[in-house]
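The values are calculated or read from the model by the stated rules, or taken from the named source; none is laboratory data. Treat the numbers as computed from the prediction; the structure is a model and nothing was measured. Note that each Cβ is placed from the backbone with ideal geometry, even for glycine, and that neighbours are counted across all protein chains shown. For the accessible areas, the whole protein counts, side chains as well, though only heavy atoms, and no ligand, DNA or RNA atoms are used. Shrake-Rupley method; radii C 1.70, N 1.55, O 1.52, S 1.80 Å.
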Amino acid sequence: MSALHDSALRLNEASTEKEAYEVTFNAIGECLGHRAYGIVVRDGDHAKVMMNRGYAGGKIVDIPMSGAGVTVKVLTTGEAIYIPDSRNVDFFFQPPLANSLSELAVPVKVGEETVAVLNVESERLDAFGEQDRKLLEILASHTSNALSRIRGIERIKDSEEKYRRLAENS
(Lines give C-alpha, C1' and ligand atoms only; values in the text may rest on other atoms or scores of the structure.)
Protein backbone atom coordinates (compact mmCIF):
# COMPACT_ATOMS: atom_id res chain seq x y z
CA MET A 1 0.00 0.00 0.00
CA SER A 2 2.85 2.40 0.66
CA ALA A 3 4.09 1.94 -2.93
CA LEU A 4 0.60 2.85 -4.18
CA HIS A 5 0.51 5.90 -1.92
CA ASP A 6 3.98 7.00 -3.04
CA SER A 7 3.00 6.63 -6.71
CA ALA A 8 -0.13 8.73 -6.10
CA LEU A 9 2.03 11.49 -4.66
CA ARG A 10 4.46 11.30 -7.60
CA LEU A 11 1.55 11.36 -10.08
CA ASN A 12 0.30 14.57 -8.46
CA GLU A 13 3.68 16.12 -9.26
CA ALA A 14 3.93 14.82 -12.85
CA SER A 15 4.07 17.64 -15.39
CA THR A 16 3.88 15.63 -18.63
CA GLU A 17 1.90 12.63 -19.81
CA LYS A 18 5.14 10.72 -20.38
CA GLU A 19 6.17 11.35 -16.78
CA ALA A 20 2.74 10.20 -15.53
CA TYR A 21 3.02 6.98 -17.53
CA GLU A 22 6.57 6.38 -16.23
CA VAL A 23 5.40 6.76 -12.62
CA THR A 24 2.49 4.42 -13.33
CA PHE A 25 4.72 1.86 -15.04
CA ASN A 26 7.12 1.78 -12.09
CA ALA A 27 4.22 1.54 -9.66
CA ILE A 28 2.81 -1.52 -11.44
CA GLY A 29 6.09 -3.30 -10.83
CA GLU A 30 6.31 -2.15 -7.21
CA CYS A 31 2.68 -2.89 -6.33
CA LEU A 32 2.09 -6.13 -8.24
CA GLY A 33 5.59 -7.45 -8.84
CA HIS A 34 4.73 -9.61 -11.84
CA ARG A 35 7.32 -10.46 -14.47
CA ALA A 36 5.37 -9.10 -17.42
CA TYR A 37 3.45 -5.85 -17.48
CA GLY A 38 2.98 -2.86 -19.67
CA ILE A 39 1.08 0.24 -20.62
CA VAL A 40 -0.74 0.33 -23.94
CA VAL A 41 -1.98 3.69 -25.24
CA ARG A 42 -4.51 4.57 -27.89
CA ASP A 43 -2.88 6.37 -30.81
CA GLY A 44 -5.57 7.13 -33.37
CA ASP A 45 -6.62 3.87 -34.99
CA HIS A 46 -3.83 1.88 -33.30
CA ALA A 47 -2.90 0.68 -29.85
CA LYS A 48 0.78 1.09 -29.03
CA VAL A 49 2.71 -0.66 -26.32
CA MET A 50 4.28 2.40 -24.74
CA MET A 51 6.25 0.69 -21.98
CA ASN A 52 6.72 -2.95 -21.10
CA ARG A 53 8.73 -5.30 -18.97
CA GLY A 54 9.00 -9.01 -19.63
CA TYR A 55 7.21 -9.01 -22.98
CA ALA A 56 8.53 -11.46 -25.57
CA GLY A 57 11.48 -9.83 -27.29
CA GLY A 58 10.79 -6.59 -25.41
CA LYS A 59 9.60 -5.09 -28.67
CA ILE A 60 7.14 -2.24 -29.00
CA VAL A 61 4.14 -3.32 -31.02
CA ASP A 62 1.57 -1.35 -32.93
CA ILE A 63 -1.83 -3.09 -32.92
CA PRO A 64 -4.73 -2.00 -35.16
CA MET A 65 -7.76 -0.96 -33.08
CA SER A 66 -9.85 -3.15 -35.39
CA GLY A 67 -7.71 -6.18 -34.53
CA ALA A 68 -7.73 -8.79 -31.83
CA GLY A 69 -6.18 -8.53 -28.41
CA VAL A 70 -7.10 -8.10 -24.78
CA THR A 71 -5.77 -4.55 -24.59
CA VAL A 72 -7.57 -3.57 -27.80
CA LYS A 73 -10.79 -4.95 -26.32
CA VAL A 74 -10.27 -2.90 -23.15
CA LEU A 75 -9.48 0.23 -25.19
CA THR A 76 -12.65 -0.19 -27.27
CA THR A 77 -15.04 -1.20 -24.45
CA GLY A 78 -13.57 0.79 -21.57
CA GLU A 79 -14.08 -2.24 -19.33
CA ALA A 80 -11.47 -4.17 -17.33
CA ILE A 81 -10.83 -7.76 -18.36
CA TYR A 82 -9.51 -10.60 -16.23
CA ILE A 83 -8.54 -13.81 -17.96
CA PRO A 84 -7.71 -16.58 -15.49
CA ASP A 85 -6.84 -19.04 -18.30
CA SER A 86 -5.72 -17.50 -21.59
CA ARG A 87 -5.63 -20.86 -23.34
CA ASN A 88 -9.41 -20.59 -23.77
CA VAL A 89 -9.62 -17.03 -25.11
CA ASP A 90 -10.29 -16.50 -28.80
CA PHE A 91 -9.48 -12.77 -29.00
CA PHE A 92 -5.82 -12.97 -27.95
CA PHE A 93 -3.55 -10.93 -30.24
CA GLN A 94 -0.46 -12.79 -29.16
CA PRO A 95 0.59 -13.23 -25.58
CA PRO A 96 3.41 -10.75 -24.92
CA LEU A 97 4.71 -13.17 -22.31
CA ALA A 98 5.81 -16.34 -24.10
CA ASN A 99 3.96 -18.67 -21.70
CA SER A 100 1.22 -16.30 -20.57
CA LEU A 101 -1.61 -18.17 -18.88
CA SER A 102 -3.47 -15.35 -17.15
CA GLU A 103 -3.92 -11.65 -17.78
CA LEU A 104 -5.46 -8.62 -16.11
CA ALA A 105 -6.07 -5.44 -18.14
CA VAL A 106 -7.58 -2.25 -16.70
CA PRO A 107 -8.59 0.92 -18.59
CA VAL A 108 -7.23 4.40 -17.93
CA LYS A 109 -9.88 6.97 -18.79
CA VAL A 110 -9.79 10.72 -19.24
CA GLY A 111 -13.40 11.78 -19.03
CA GLU A 112 -15.34 9.22 -21.04
CA GLU A 113 -12.41 8.36 -23.33
CA THR A 114 -10.29 5.28 -22.67
CA VAL A 115 -6.76 6.50 -23.41
CA ALA A 116 -4.62 3.63 -22.10
CA VAL A 117 -4.59 0.17 -20.57
CA LEU A 118 -2.57 -1.10 -17.64
CA ASN A 119 -1.81 -4.74 -18.44
CA VAL A 120 -0.24 -7.49 -16.32
CA GLU A 121 0.38 -11.11 -17.26
CA SER A 122 1.54 -14.26 -15.53
CA GLU A 123 2.80 -17.69 -16.45
CA ARG A 124 0.49 -19.10 -13.74
CA LEU A 125 -3.18 -19.92 -14.16
CA ASP A 126 -5.58 -17.66 -12.24
CA ALA A 127 -2.66 -15.59 -10.97
CA PHE A 128 -4.56 -12.43 -10.10
CA GLY A 129 -6.88 -11.98 -7.16
CA GLU A 130 -9.38 -9.32 -6.19
CA GLN A 131 -6.66 -7.33 -4.39
CA ASP A 132 -4.55 -7.25 -7.59
CA ARG A 133 -7.53 -5.95 -9.54
CA LYS A 134 -8.32 -3.30 -6.94
CA LEU A 135 -4.70 -2.14 -6.82
CA LEU A 136 -4.52 -1.86 -10.60
CA GLU A 137 -7.88 -0.04 -10.74
CA ILE A 138 -6.77 2.43 -8.04
CA LEU A 139 -3.53 3.03 -9.92
CA ALA A 140 -5.51 3.56 -13.15
CA SER A 141 -7.72 6.07 -11.33
CA HIS A 142 -4.70 8.02 -10.04
CA THR A 143 -3.21 7.96 -13.52
CA SER A 144 -6.49 9.20 -15.01
CA ASN A 145 -6.56 12.11 -12.56
CA ALA A 146 -2.96 13.03 -13.37
CA LEU A 147 -3.59 12.90 -17.13
CA SER A 148 -6.74 15.01 -16.78
CA ARG A 149 -4.85 17.62 -14.75
CA ILE A 150 -1.91 17.67 -17.19
CA ARG A 151 -4.21 17.99 -20.21
CA GLY A 152 -6.15 20.77 -18.49
CA ILE A 153 -2.95 22.71 -17.83
CA GLU A 154 -1.88 22.20 -21.47
CA ARG A 155 -5.26 23.53 -22.69
CA ILE A 156 -4.90 26.61 -20.47
CA LYS A 157 -1.37 27.24 -21.72
CA ASP A 158 -2.52 26.87 -25.34
CA SER A 159 -5.42 29.24 -24.72
CA GLU A 160 -3.15 31.79 -23.06
CA GLU A 161 -0.73 31.63 -25.98
CA LYS A 162 -3.53 32.11 -28.53
CA TYR A 163 -4.91 35.05 -26.54
CA ARG A 164 -1.42 36.56 -26.22
CA ARG A 165 -0.89 36.31 -30.01
CA LEU A 166 -4.32 37.78 -30.67
CA ALA A 167 -3.59 40.70 -28.30
CA GLU A 168 -0.18 41.30 -29.87
CA ASN A 169 -1.67 41.37 -33.39
CA SER A 170 -4.47 43.79 -32.49
**Study point:** Close pairs (6 angstrom Cβ cut-off, 6 or more residues apart or separate chains): open to solvent by less than 30 Å² (accessible area, probe 1.4 Å) in region 112-134, of a type in the set (Phe, Trp, Tyr) and outside any loop (DSSP other than H, G, I, E, B) anywhere
**Key:** VAL120/TYR37
Review point. Taking interchain pairs and intrachain pairs at least six residues apart, which have beta carbon atoms under 7 angstrom, with the first residue in region 22-35 and modelled with pLDDT under 90 and the second of a type in the set (Asp, Glu) and surrounded by fewer than 22 Cβ atoms within 10 Å (Cβ to Cβ)?
Key: LEU32/ASP132
Exercise for review: All but one of (1) charged (D, E, K, R); (2) open to solvent by less than 20 Å² (accessible area, probe 1.4 Å); (3) in contact (Cβ under 8 Å) with a residue 40 or more places away in the chain hold for GLU103, so report the exception by its number.
Suggested key: (3)
Exercise for review: Name every residue in region 1-60 that is surrounded by fewer than 16 Cβ atoms within 10 Å (Cβ to Cβ), hydrophobic (A, V, I, L, M, F, W, C) and within 17 Å of SER100 (Cβ to Cβ), in order of residue number.
Suggested key: ALA56
